[in-house]
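A short write-up of the structure that comes next.
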Amino acid sequence: MSLVTRCPVCGTAFRVQREQLAARGGRVRCGKCATVFDGVAALVEEGDEKLALEPSPQLGLFDPSRRGPPQAIEDAEDLPLPPFMAEEAPLRRHAWLWALGALLAIAALAAQTVYRYRAELAVQVPGVRPQLESACRALRCQISLPRRIELMSIESSDLQADPRREGIIVLNAVLRNRARFAQDFPALELTLTDEGDRPLLRRVLGPRDYLDPARVPLLLTEGIGPGGEASLRVFLDSSRSRATGYRLYLFYPS
């Protein structure tokens, strides 16, 4: 027994078979305007009004009367789906692939962010430090104190001759950590200059060169606390130069 369904967009009516509607949960495509609609919900009665039925190439693919003699008809569930009904599966697969790719990209970006800021996370969120250390052991990396040079500054500095020893100068400086977390001690670059501000002697001082030798291990572990300051005094030999000025910069070695 054939049924009649009407396209909700163009209003064209078509004959359909029960097998057609059962094959894809009732979803069919209009052969006139190509709208995909619920053929079951759009079923109409033939008795009350005279319907002008239109042939539909798409719906006709399911019509057993157009497929040859009865002995050549297979069961509806074994019939190959026409392209207009089967196109949704590849689209779904592609959507899943895109979604999976997006999730992998987000996960990779998150992993890179955690790796880049692992030192800050270990200081600001102590609860995740064991997981970060475990991951670093696998990746052969280290979790050192943060090194945000833009949050580190030289509050004051001066360079004077040592009155007790000729040819010896004394560098005094105060470093300040403006971050809300502890930071590693930076390296210092000291350049001695002449009267024309031309460089005469340049020296790089690492934390071990200006920290108290007796407290170096502890200080390197603790770093400069949040909002804290560190004072330093370094004695340098200037006997081979006639310096009249100096420049002092801080940086973190790469």
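The numbers here are math on the coordinates, done by the rules we state, and not lab data. Not measured: the values here are computed from a predicted model. When we count neighbours, we look across all protein chains shown, and the Cβ atoms used for this are built from the backbone with ideal geometry, even at glycine.
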Per-residue ³J(HN,Hα) for the range 164-169, Karplus 6.51 cos²θ - 1.76 cosθ + 1.60, θ = phi - 60°, Hz, x for Gly and Pro: 8, 9, 6, x, 10, 10
Any residue on another chain or 5+ positions along whose placed amide H is under 5 Å from the amide H of ASP194 is listed here as LEU200, THR244
Tell me, what HN-Hα J-couplings in whole Hz come from the Karplus equation 6.51 cos²θ - 1.76 cosθ + 1.60 at θ = phi - 60° for each residue of the range 193-210, using x for Gly and Pro? 10, 8, 5, x, 6, 8, x, 10, 8, 10, 9, 9, 10, x, x, 5, 7, 10
Once amide H atoms are built 1.01 Å from N in the peptide plane, which residues 5 or more positions from VAL4, or in another chain, come under 5 Å H to H? VAL16, VAL44
Quote the charge dipole size of the range 142-243 about the Cα centre in Debye, to the nearest 20; the model charges only the Cβ of Lys and Arg (+1) and of Asp and Glu (-1). 200
Give the long-range amide H neighbours of ALA161: residues separated by 5 or more places, or on another chain, with amide H under 5 Å away, using H modelled in the peptide plane at 1.01 Å from N. VAL170
